[in-house]
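First up is the structure itself, then whatever we jot down about it.
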Amino acid sequence: MSETSRNPAKPAPTLNDVAAALGVSRTTVSNAFNRPDQLSTELRDKVMEAAKALGYPGPNPMARMLRTGRAEAIGFVFEDSLSYAFEDPASIAFLQGVAKVCEEAGHSILVTPASNPDSARATIRAAAVDGFIIYCLSRDHPIVDAVLERRLPVVSVDLGTIPGVPSVGIDDRAAAAVAARHLLDLGHRRFGIIGLELRNDGYAGPVTEERRNDVAFPISLKRILGYEDSLKAAGLPAESWAIEECCGNQEQSGVDAALRLLREPDRPTALLAMSDRLAIGAMKAARSLGLSVPEDLSIVGFDDIPIASRVDPGLTTIRQPLVEKAAAAARMLLNTETAAESLVLPTELVVRGTTARTP
């Protein structure tokens, strides 16, 4: 007789074994793992000690998901790389907002970058989650369809309209109009606009009519339109402003775009940047050309990330509630607040040291 046949493998301990060892019900043991608030601390400790002694690790998470229909996790899907999510201040703030709500609800977060579509699609198809937040994806990104194919609850943020999908965001067009109006009130009449990408194709340079007519990131176009609403309302001719599109939201992109604008013969006296990172890059570009901010050049950013108040001079910007926007999306997804087709959060102009009356 073989050693294996003389010593068959011992069955793995079960929840029933722990209950029998303690002389308590299955429900008591289950509550110790899943609903500890239902037991006294003393009883829960006894259950956990018995489980440890028997080698019982706790309920199988997949079995629990099949039984309850809940994974107690949400998927967070975004456009850029995973490293960018933990480096970009706006993305960090957004993750903080999602994490806060998930912690309160006892949920986990599956962070899925869409920068590698094949890998992201495989992750989304296999993800054990209760729903998805999709953030800042391009309108035609294939991952959007992959998420919708799961037929789970979905909330979109900064993505434009998806039929049947609730959304959370701000009024980007109105906020941009406020930024431009602030500079107009200071007497500025020659403007440069430093824009976020309109398409995910690596382009950097002047925004053409052809690019405006085929946009993958609707928010970028909304901000352009908002700036132009105020400039046109002030009676300025189209040649009074120029728009440079950036490839990515990094300070160096802002430097490059600002240099292109500021090296023009009739340079702008004010720059409108679609993010604070681009605006801070524009400040660096101005200094490299010997221009003083705000004496020679006024700059307005967008977002109000933490560094905006710490640069010298402090950056005038549009404050949007990055953490609150994410928290609202997470609550909407988890149904801890009344779901809505669209939730638009307020913004405000924060005036600091980078804007002044026209030279």
Amide H neighbours of ALA270 at under 5 Å, excluding residues fewer than 5 places away on the same chain, with H built from the backbone geometry, are ARG190, GLY192, SER298
In degrees, nearest ten, helix 117-126 long axis to first principal axis of the chain (Cα): 30 degrees
Among ILE194, GLY169, LEU183, pick out the residue whose Cα is farthest towards the positive end of the charge dipole of the range 162-203, where Lys and Arg carry +1 and Asp and Glu carry -1 on C-beta, about the Cα centre. LEU183
Filtering trypsin sites (Lys or Arg not before Pro) in the range 186-270 by DSSP loop and by at most 14 other Cβ atoms within 10 Å leaves ARG263
Apply the Karplus curve 6.51 cos²θ - 1.76 cosθ + 1.60, θ = phi - 60°, to the phi angles in the range 346-353 and return the couplings in whole Hz, x for Gly and Pro. x, 10, 8, 7, 10, 8, 10, x
Enumerate by residue number the trypsin sites (Lys or Arg not before Pro) in the range 278-354 meeting two conditions: DSSP loop (anything except H, G, I, E, B), and at most 16 other Cβ atoms within 10 Å of the site's Cβ. ARG310
Among LEU231, LEU137, LEU152, which one shows the biggest mean-square fluctuation in a GNM of the chain, springs joining Cα atoms closer than 10 Å? LEU152
In Å², nearest 10: area of MET283 left accessible to a 1.4 Å probe: 10 Å²
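Is the range 112-154 rounded, prolate or oblate when judged by the Cα gyration tensor, a ≥ b ≥ c being the square roots of its eigenvalues, rounded requiring a/c under 1.5 and prolate requiring a/b larger than b/c? If you can, show how the numbers build up before the last one.
Values: a/c = 1.68, a/b = 1.22, b/c = 1.37.
It comes out oblate by the Cα gyration axes.
Between ASP312 and GLN38, what length comes free when the chain is fully extended (0.36 nm per residue of separation minus the Cα-Cα distance, one decimal in nm)?
Contour length minus the Cα-Cα distance gives 93.2 nm.
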Scoring the chain by relative contact order with C-alpha pairs under 8 Å, at least six apart, yields a percentage of 16 percent
Taking the 0 to 90 degree range and rounding to the nearest ten, how far is the long axis of helix 276-288 tilted relative to the main principal axis of the chain, both from C-alpha atoms? 40 degrees
Describe numerically, in nm with one decimal, the distance between label points set 7 Å from Cα along Cα→Cβ at ALA234 and at GLU348. 2.4 nm
Give me a comma-separated list of calculated 3J(HN,Hα) values for the range 129-138, in order, Karplus coefficients 6.51, -1.76, 1.60 applied at θ = phi - 60°, integers in Hz, x for any Gly or Pro. 9, 8, x, 10, 9, 10, 10, 6, 7, 5
Length gained if THR161 through ARG190 is fully extended, taking 0.36 nm per residue and subtracting the Cα-Cα distance, is 7.1 nm
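Stretch ASP140-ASP296 to full length: gain in nm at 0.36 nm per residue minus the Cα-Cα span?
Working: separation 156, 0.36 × 156 = 56.16 nm, distance 4.07 nm.
Taking ASP140 through ASP296 to full extension adds about 52.1 nm, to one decimal.
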J(HN,Hα) series, the range 302-307, from Karplus relation 6.51 cos²θ - 1.76 cosθ + 1.60, nearest Hz, glycine and proline x: 7, 2, 6, 6, x, 5
For GLU245, distant residues with modelled amide H under 5 Å away: GLY195, GLY205, VAL207
Listed by chain and number, the residues whose amide H is under 5 Å from that of ALA73, excluding neighbours fewer than 5 places away on the same chain and using placed H, are SER108, ASP130
The answer for the longest stretch of the chain without any exposed GluC sites (Glu not before Pro) (DSSP loop, at most 14 further Cβ atoms within 10 Å) is 88-294
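So if R0 is 35 Å, what FRET efficiency would THR208 and GLU149 give, r being the distance between their Cβ atoms, rounded to the nearest 0.05? All intermediate terms of the calculation are to be shown ahead of the outcome.
Details: r = 34 Å, r/R0 = 0.99.
Efficiency, from the Cβ-Cβ distance: 0.50.
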As a test, work out the antiparallel percent of DSSP beta bridges whose residues both lie in the chain, rounded to the nearest 5. 10 percent
With just the Cα atoms defining each centre, how far is the range 310-328 from the range 211-258? Give it in Å. 20 Å
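For the range 211-292, what does the alpha-carbon gyration tensor say about shape, rounded, prolate or oblate, given a ≥ b ≥ c as the root eigenvalues, a/c under 1.5 as rounded, and a/b over b/c as prolate? Walk me through the numbers on the way to the answer.
Values: a/c = 2.03, a/b = 1.21, b/c = 1.68.
It is oblate, given that a/c is not under 1.5 and a/b is not larger than b/c.
I need the shape label for the chain. Rule: rounded when a/c is under 1.5, else prolate if a/b > b/c, else oblate, with a, b, c from the alpha carbon gyration tensor.
Values: a/c = 2.91, a/b = 2.62, b/c = 1.11.
Prolate shape, in that a/c is at least 1.5 and a/b is the bigger ratio.
The values are calculated or read from the model by the stated rules, or taken from the named source; none is laboratory data. If you're wondering where the values come from, they're calculated on a predicted model, not measured in any experiment. A quick note on method: Cβ atoms are made from the backbone with ideal geometry, for glycine too, and the neighbour counts reach across all protein chains shown. Side chains included, ligands, DNA and RNA excluded: accessible areas come from the protein's heavy atoms. Shrake-Rupley method; radii C 1.70, N 1.55, O 1.52, S 1.80 Å.
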